[in-house]
1. Which residue pairs have Cβ atoms under 6 Å apart, sit 6 or more places apart or on different chains, and have a first residue in the range 169-189 that is closer than 12 Å to residue 201 by Cβ and a second that is among the charged types (D, E, K, R)?
2. Name the residues in the range 189-221 that are within 16 Å of residue 285 (Cα to Cα) and either touching a strand residue (DSSP E or B) at 6+ places or on another chain (Cβ under 6 Å) or polar (S, T, N, Q) (or both), would you?
3. Filter the range 31-43 down to the residues that are open to solvent by 30 Å² or more (accessible area, probe 1.4 Å) and without any contact (Cβ under 8 Å) to a residue 60 or more places away in the chain and list them by number.
4. If I filter the range 256-267 for residues that are open to solvent by less than 10 Å² (accessible area, probe 1.4 Å), among the hydrophobic types (A, V, I, L, M, F, W, C) and under 22 Å from residue 184 (Cα atoms), do I get at least one hit?
5. Could you pull out every one of the strands (runs of 3 or more DSSP E) wholly within the range 280-369 that has 2 or more residues that are in contact (Cβ under 8 Å) with a residue 60 or more places away in the chain?
6. For the condition touching a residue at least 60 places away in the same chain (Cβ under 8 Å), part of a helix (DSSP H, G or I) and of a type in the set (D, E, K, R), what is the one hit in 25, 14?
7. It is to be established whether one or more residues within the range 236-246 are open to solvent by 10 Å² or more (accessible area, probe 1.4 Å) and on the phi > 0 side of the Ramachandran plot.
8. Condition (residue is farther than 23 Å from residue 336 by Cα, of a type in the set (S, T, N, Q) and not in a helix (DSSP H, G or I)) applied to the range 175-198: is it met by at least one residue?
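The values are calculated or read from the model by the stated rules, or taken from the named source; none is laboratory data. Everything numeric in this text was worked out from a predicted model, so none of it was measured. Methodologically, a virtual Cβ is constructed for each residue, glycine included, from the backbone with ideal geometry; neighbour enumeration extends over all protein chains shown. Protein only, heavy atoms only, side chains kept; ligands, DNA and RNA dropped before computing areas. Shrake-Rupley method; radii C 1.70, N 1.55, O 1.52, S 1.80 Å.
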Amino acid sequence: MNSAEAARARVLAELIAASHLMTLEQLPGTVASHAAGVGWPQVLIYLADLQQVRLYLLPGSVDVSRGGADVPAELSVEGSVAGRAFQLGKVFPASASAKGQWWVPLLDGTERLGVLRVGVPGAQVEADEDLNKLAGLVALLLVSKRDTSDSYSQLIRRRRMEVSAEMEWQLMPPRTFATDRVLISAIMEPAYQVSGDAFDYALTGESVHLSVFDAMGHDTAAGLTANLALAAARNHRRQGADLLQTAEGVSKILTEQFAGSRYATGILADLHLSTGVLTWTNYGHHPPVVIRGNRTLVHLSCSPAPPMGTGLNQPGTLCRDQLEPRDRLLLYTDGITEARNQNGQEFGLDGLTEFLIRHHADDLPVPETLRRLIGRHLDYHDGRLNDDATVMLVEWHGPTPYRPSQLQALAGLPPSTAPETISSAWAQQPADDGGP
């Protein structure tokens, strides 16, 4: 480690030490002042809005009295270099003429938060691994501070949010998550009015739990139903209940609360990461679909029980399917397939799967594909959705871990962020013919 690298390592350590009593509002200035001393002038933090359409400058990122008056307060994700860094998870120069100035993706794990702009025109700043380390630390600090700051929510929200949506987003896990053998990405609209949809996932040992709920109605009561269903499912799951016991627990809670007047459909599933065995149950919901080989659709089937909360007390059925390496499991709600455009035409399951297959062939990261899917869906319905629309896409790589380059491409990670554990795990595996 040379002297410059050692100085930057000290700065990162100092930022961690300073973070304990730091507020979100103090974060931009603290990062910028520490970074400037080791050759990273003018570090600016831009955060993506809830729908990932615009990037907004976090207040305090720039001192106007020191030449920051020309710094844009917002940028479009489409058609800007900053937006391209956000979409693809890659470091880009700010422009061909602005050497020494870079856009760096901000990622919490694989969850996209925004971008950093580091440097000023003419500065001697290299796009090296240290830039990604700085961005990674800033992302962790942002996530550690945002739950206690209304400023964060006020910045990334561009319209008034309904109370039901407020409840929903507080319970949702990150929209993108990955390990060395599975990638999960989900998206939910209308972001500011969503009421009855919910998705969830969680790891337990060698299995990942997956669930999607669609509560009756499109009002605050639907939000309460979805929130109660999700909380009840987590509660039972964390006490060791299996899928059927969990679904029965959800049904019981909803029935006790609403006496059969409110219910939720849902898919609850467990995917075993070593074997690819998918165990699942269906309560009045659209069954999952598997995209195999990026061209073949496999429609899964399982005899459905009535929706949870109806009080009918009919037991569910446990079904098992074997996934193949690189299968993509698709869970969704009817708002994505059954909503109609002004000509009365449904978007449909075919429209959904064709879009995903086509954009996968374009080698886009999975979260970027889903962002574009929702954009296409909103355009199809003239920007107005009459029902919640949720999609969860799960890719199982197989019993062997992803190659680092595969995970970088799928999740939109900068090359230097590939965990060493994945690299070392891959080195221990036999040759694979799935490409780099």
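1. 174/111; 176/111; 183/395; 186/175
2. 196, 197, 198, 199, 200, 210, 211, 212, 213, 214, 215, listed by residue number.
3. Correct list: 33, 34, 36, 37.
4. Yes, because at least one residue in the range 256-267 is open to solvent by less than 10 Å² (accessible area, probe 1.4 Å), among the hydrophobic types (A, V, I, L, M, F, W, C) and under 22 Å from residue 184 (Cα atoms).
5. The qualifying strands (runs of 3 or more DSSP E) are 289-292, 327-332.
6. 25
7. Looking for residues that are open to solvent by 10 Å² or more (accessible area, probe 1.4 Å) and on the phi > 0 side of the Ramachandran plot, one finds at least one in the range 236-246, hence yes.
8. yes
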